[in-house]
Amino acid sequence: MDERTVILLGLAGSKAYGMDTPESDDDWRGVFVYPTERVLGLPSLCGPETIDDTAHETVLHEVGKFVRLALAGNPNILEQLYLETYPTLTVEGAWLVGARDAFLSQCVRVTYGGYAIAQMKKLATRERQGLVGFNPRVKGRYEKHARHCFRLLRQGTQLLRDGYLDVRVTNPAELFAIGQMPLAELKPRFEEAKAEMDAVESSLPLEPDYARVNELLLRIREAAWTSTRK
């Protein structure tokens, strides 16, 4: 392996969800691996754990950070393990995808559902204050952020119920309609979707399979070490 080897790269965002419009950009997301000797050395000499290449609309996480975020149930990270296609997928990347169920746990109730409902509450508070939109970070993006939050509720429910995630949404028209709703109509739809999630008696474990993920990470590090020794 060279100084930074990409082991997984896929198209995420609206194009992966089937929610893209003519104005939609590509959102490339992936995982890279540093040579193991760099990871074992001084942290200051290892390099950044996240590469944000704005010019190429690409965000990459080093595998160590990636697995930490996936274990925490981060939606943006977990979905990378369920994309339909990967233009770049090495053997090590395939190991990650093959072990995606090991990252799942009941925490998705919070990381998917909790986030969406928290955003809904903030929106209601801001509306009462005479402000517009969810928060300054998504200024002017009410419709897109509303769709995003509702999609998280639906996908979190699917993960809890099926232990699997379909990144591409089944009914884009419904989500676009959600984005057009005023707060008075949007709030009950969110509450209904959250109630559906809460009602799921999930077979997901309370915690992810840390031992299996740790073994996987060590296996990837070993492959990187072996590659540099050749």
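The modelled label-to-label distance between Val110 and Glu3, using points 7 Å beyond Cα along the C-beta direction, is 3.9 nm.
Note the angle between two axes, namely the Cα long axis of helix 210-229 and the longest principal axis of the Cα atoms of the chain, as a number of degrees from 0 to 90, rounded to the nearest 10. Approximately 40 degrees, to the nearest ten. Taking the 1.4 Å solvent-accessible surface of the chain as the whole, the part contributed by carbon and sulfur is 54%. Taken along the Cα-to-beta-carbon direction at a fixed 7 Å, the label points for Arg100 and Thr50 span 2.2 nm. Coupling constants for the range 156-171 follow from the phi torsions by the Karplus curve (6.51 cos²θ - 1.76 cosθ + 1.60, θ = phi - 60°), and in residue order they are x, 5, 5, 4, 5, 7, 10, x, 8, 10, 9, 5, 6, 6, 8, 9 Hz; glycine and proline get x. Bridges between two residues of the range 23-160, per DSSP, are antiparallel at a rate of about 45%.
Diffusion of the range 1-114 by Stokes-Einstein, at 10 °C in a medium of 1.306 mPa s and with Rh set to the Kirkwood radius over alpha-carbon pairs, works out to 106 µm²/s.
The length gained on full extension between Asn214 and Asp162, counted as 0.36 nm times the residue separation minus their Cα-Cα distance, comes to 16.3 nm. Rounded to the nearest 10 degrees, the inclination of helix 115-128 to the longest alpha-carbon principal axis of the chain is 40 degrees.
Could you size up the charge dipole of the chain around its Cα centre, putting +1 on the beta carbon of Lys and Arg and -1 on that of Asp and Glu, and report it in debye to the nearest 20?
Details: 29 positive and 32 negative charges, 124 e Å.
The calculated dipole for the chain is roughly 600 debye.
Placing unit charges on the Cβ atoms only, positive for Lys and Arg and negative for Asp and Glu, gives the range 76-197 a dipole magnitude near 660 debye about its Cα centre.
What does the accessible area per residue of the chain come to in Å², with a 1.4 Å probe and no ligands, DNA or RNA counted? Can you show the working numbers first?
Working: 12020 Å² over 230 residues.
Heavy-atom SASA per residue in the chain reads 52 Å².
From the square roots a ≥ b ≥ c of the eigenvalues of the alpha-carbon gyration tensor of the range 176-224, which class results: rounded (a/c under 1.5), prolate (a/b over b/c), or oblate? Since a/c reaches 1.5 but b/c is at least a/b, the shape of the range 176-224 is classed as oblate.
In angstrom, the C-alpha Rg and Dmax of the chain are 19.1, 64.
Computed from Cα positions, the angle between helix 183-199 and the longest principal axis of the chain comes to roughly 50 degrees.
The values are calculated or read from the model by the stated rules, or taken from the named source; none is laboratory data. The model shown is predicted, which means the values in this text are computed figures rather than measured ones. Heads up, the Cβs are rebuilt from the backbone with ideal geometry, glycines too, and the neighbour counts pull from every protein chain shown. What goes into the accessible areas is simple: the full protein's heavy atoms, side chains included, and nothing from ligands, DNA or RNA. Shrake-Rupley method; radii C 1.70, N 1.55, O 1.52, S 1.80 Å.
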